[in-house]
Structure formats: structure tokens, C-alpha cells
1. Just the residues that are within 16 Å of residue 11 (Cβ to Cβ), in a strand (DSSP E or B) and either touching a helix residue (DSSP H, G or I) at 6+ places or on another chain (Cβ under 8 Å) or touching a residue at least 40 places away in the same chain (Cβ under 8 Å) (or both), please, taken from the stretch 92-118.
2. Go over the candidates 7, 32 one by one and state the one that is under 16 Å from residue 108 (Cβ atoms), in contact (Cβ under 8 Å) with a residue 60 or more places away in the chain and in contact with a strand residue (DSSP E or B) (Cβ under 6 Å, 6 or more places away or on another chain).
3. Given the criterion in contact with a strand residue (DSSP E or B) (Cβ under 8 Å, 6 or more places away or on another chain), under 23 Å from residue 3 (Cβ atoms) and either modelled with pLDDT of 95 or more or assigned to a helix (DSSP H, G or I) (or both), identify the matching residue among 89, 121.
4. Can residue 76 be described as loosely packed, with under 15 Cβ neighbours inside 10 Å and either within 12 Å of the chain's Cα centre (by Cα) or within 17 Å of residue 107 (Cα to Cα) (or both)?
């Protein structure tokens with residue numbers, strides 16, 4: 001395993017750990033400010049991290065949204081220079097509207113190496129996993 005592979009997988013694990021414990025600060029810090037987001041449950045692309053943060057806050061206030069846990073399986077990583085494409089299946093335990101929900105999704109997270117060597121997520125694409 002190369003140093004870059006280890007660093008990207010570490011960045012992905014940190015992002016997923018923060019998401020799984022609903023640690024919004026650590027979760028959003030894992031994304032570049034210019035990151036973009038495509039989610040199957042939204043009718044539009046979120047074109048910045050701030051737009052996603054606003055949507056997340058809306059879900060919390062309007063829907064009682066809370067992440068309880070997530071599990072990542074079928075992980076793959078492709079390195080292309082200073083870009084890394086991380087794909088996986090993710091099972092997420094949520095609370096929405098007071099109800100426990102389990103989502104089964106497939107996700108692609110694109111990371112880019114920053115000038116300081118840190119790997120930040122610059123794009124996330126989430127789709128439903130058909131079972």
C-alpha cells in the first residue's frame with residue numbers, strides 16, 4: 001500500500017467516523033469549501049460545502065434528522081495523481097421524524113490532495129443501493 005493510499009483511506013475513515021457519530025464539525029471539515037454533492041433524495045446539486053451544511057441543518061430542524069451509526073463495505077480506491085476516487089457501500093442508521101431508519105446506499109467520494117498534503121473530499125455522489 002502506498003503512502004497516498006494509506007492517507008486517503010485514513011481521510012475516508014475519518015470522514016465516515018465523524019458522519020457515523022453525527023459530528024457535524026469534523027464531518028464538514030473533511031470537505032473542501034468548494035466540494036459538490038449529488039444525493040438521490042434531492043432534486044438539485046449542492047454546489048458548495050456551505051450549501052450542504054445548510055441542507056443538513058434543515059434536515060435536523062425540520063425532520064429531526066440524526067445519524068446514529070454507519071458501516072462501510074465493498075470499499076475500493078483508485079488513485080489518479082493528486083485525485084483519489086473512493087467507492088463503497090454504506091449502511092446508515094438514522095432517526096428521521098422520530099422513526100429509526102436504515103439506509104442502504106452506494107457512495108463515491110472524490111478526494112484531492114491539498115498543497116499542504118492533506119486529502120480533502122471535493123465531491124460526493126450518493127445513490128440508493130437496490131437490494
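1. Residues satisfying the conditions are 109, 111, 112, 113.
2. None of the other options fit; the residue is 32.
3. Being in contact with a strand residue (DSSP E or B) (Cβ under 8 Å, 6 or more places away or on another chain), under 23 Å from residue 3 (Cβ atoms) and either modelled with pLDDT of 95 or more or assigned to a helix (DSSP H, G or I) (or both) holds for just one of 89, 121, which is 121.
4. Yes, satisfied.
The values are calculated or read from the model by the stated rules, or taken from the named source; none is laboratory data. Since the structure is predicted, the reported quantities are computational estimates derived from the model, not experimental observations. Don't worry about glycine lacking a Cβ; one is built from the backbone with ideal geometry, like all the others, and counts go over all protein chains shown.
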